[in-house]
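K.L.:
Sending over a structure as structure tokens; questions will come in a sec.
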């Protein structure tokens with residue numbers, strides 16, 4: 001296997017050397033190497049979250065992979081695109097600006113991610129022109145989406161900025177109280193805390209279900225794009241993911257209250273122990289079967305439209 005890989009590299013090397021004799025290709029490679037200095041920062045931000053069982057970082061990596069894969073699968077069509085002189089100049093300006101600012105952007109992930117986006121846009125403009133973004137909307141979205149490893153955090157900041165303090169926490173606590181009352185428990189709401197006669201649990205930011213809803217909504221969006229669903233089907237996937245996340249989070253909060261009533265060890269198991277992984281697996285399994293059973297039936301209908309089939313080939 002290793003011998004075949006070495007032989008393949010040796011066979012490609014002459015063509016790579018020939019390609020790098022073209023000034024544009026050499027400039028693009030140098031700019032890309034500068035931008036790839038962001039890659040260790042990107043991985044360093046993703047891996048700790050993956051280790052704790054979060055879903056969103058896995059979606060970011062999947063988006064990057066499928067975006068690159070779609071471009072590679074359509075590389076012959078991509079090679080036929082050319083940029084105009086004006087488009088190439090604009091691309092060079094974006095790349096030059098990014099390279100100049102990159103050494104001064106190391107103070108935060110978001111600044112490096114922004115320059116990485118400018119580098120990618122500059123490379124696309126200078127190599128293939130504006131036609132690239134029109135003919136490859138899906139890979140463009142996937143790669144731009146994956147540029148920042150913490151898109152869910154940015155959405156969380158926006159939510160905090162545009163909603164009242166502890167709004168979602170209060171809603172989750174109230175719904176959990178209703179659930180406990182429906183199954184026969186004497187639960188009451190005090191602020192954003194769920195109280196039983198013997199114990200109480202306060203719903204904090206990390207337990208309000210927003211990250212869970214963002215993750216499942218994003219999973220629905222990516223699945224809709226990659227499986228070439230129409231807008232209505234994709235919207236249904238997103239909404240169903242968000243609704244399912246809310247329902248499961250209410251069940252989780254109510255379950256944590258009952259677990260604390262049984263003892264501190266039981267509560268810790270379901271709050272920060274193995275129970276969190278069990279809960280995540282149950283949630284993802286439910287969403288998976290929902291997608292397969294409800295939306296999987298429409299998968300074969302997309303190929304019946306010749307016009308849509310041609311659009312899918314271009315993407």
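K.L.:
At what distance in nm do the modelled label points of residue 79 and residue 188 sit from each other, each positioned 7 Å from its Cα along Cα→Cβ?
P.N.:
About 7.5 nm separates the two model spin labels.
K.L.:
Can you compute the modelled spin-label distance between residue 69 and residue 167, with each label point 7 Å from Cα toward Cβ, in nm?
P.N.:
With each label point 7 Å from Cα toward Cβ, the separation is 3.8 nm.
K.L.:
Given the options 218, 140, 52, state which has the largest fluctuation in a GNM of the chain using a 10 Å cut-off (strictly under) for Cα springs.
P.N.:
52
K.L.:
May I ask you to sort 27, 119 by Cβ crowding, counting other Cβ atoms within 10 Å and putting the fewest first?
P.N.:
Values: 27 16, 119 25.
So the residues, fewest neighbours to most, are 27, 119.
K.L.:
Now, a different point. For segment 156-298, I need the span (max minus min coordinate) of the C-alpha atoms along each principal axis, in Å, sorted largest to smallest.
P.N.:
The Cα atoms of segment 156-298 stretch 52, 32, 27 Å along the principal axes, largest first.
K.L.:
Okay, next question. Sticking with the crude label model, points 7 Å out along Cα→Cβ, report the distance from residue 288 to residue 268 in nm, one decimal please.
P.N.:
3.1
K.L.:
Taking the 0 to 90 degree range and rounding to the nearest ten, how far is the long axis of helix 2-20 tilted relative to the main principal axis of the chain, both from C-alpha atoms?
P.N.:
60
K.L.:
Distance between the C-alpha centers of segment 237-294 and segment 170-188? Whole Å please.
P.N.:
16
K.L.:
Next question. Please give the calculated 222 nm ellipticity per residue for the chain, where each DSSP H segment of at least 4 residues contributes -39500 (n - 2.57) and the sum is spread over every residue; nearest 500 deg cm²/dmol?
P.N.:
Working: 16 runs with 230 residues, N = 315.
Roughly -23500 deg cm²/dmol at 222 nm, from the helical runs in the chain.
K.L.:
Now a separate question. Using 0.36 nm per residue of separation minus the Cα-Cα distance, give me the extension gain between residue 181 and residue 106 in nm, one decimal. Mind showing how you got there, number by number?
P.N.:
Values: separation 75, 0.36 × 75 = 27.00 nm, distance 5.17 nm.
Length gained between residue 181 and residue 106: 21.8 nm.
K.L.:
Note the angle between two axes, namely the Cα long axis of helix 109-128 and the longest principal axis of the Cα atoms of the chain, as a number of degrees from 0 to 90, rounded to the nearest 10.
P.N.:
40
K.L.:
Quick one: Debye curve from the C-alpha atoms of segment 21-149, no solvent, what's log10 I(q)/I(0) at q = 0.16, 0.23 Å⁻¹?
P.N.:
The computed values of log10 I(q)/I(0) come out as -0.83, -1.43.
K.L.:
In addition: Springs between alpha-carbon pairs under 10 angstrom, Gaussian network model over the chain: which of 256, 46, 232 fluctuates most?
P.N.:
232
K.L.:
Please say if segment 28-75 is rounded, prolate or oblate, where rounded means a/c under 1.5 for a ≥ b ≥ c the square roots of the C-alpha gyration tensor eigenvalues, and otherwise the choice is prolate for a/b larger than b/c and oblate otherwise?
P.N.:
On the way: a/c = 5.18, a/b = 1.36, b/c = 3.82.
Oblate.
K.L.:
Follow-up. If you line up the Cα atoms of segment 162-208 on their principal axes, what length do they span on each, largest first, in Å?
P.N.:
Ordered largest first, segment 162-208 gives principal extents of 36, 18, 16 Å.
K.L.:
Further question: Stretched out fully, how many nm does the piece from residue 36 to residue 205 gain, at 0.36 nm a residue minus the Cα gap? Numbers along the way, then the final one.
P.N.:
Numbers: separation 169, 0.36 × 169 = 60.84 nm, distance 3.40 nm.
Fully extending the segment from residue 36 to residue 205 adds 57.4 nm.
K.L.:
For the Cα atoms of the chain, what angle does the longest principal axis make with the long axis of helix 85-101, in degrees from 0 to 90, nearest 10?
P.N.:
Result, in degrees: 60.
Each value in this text was obtained by applying a stated rule to the coordinates, not by laboratory testing. Fair warning: this is a prediction, and the values are worked out from it, not measured in the lab. We place every Cβ from the backbone using ideal geometry, glycine too, and count neighbours over all the protein chains shown.
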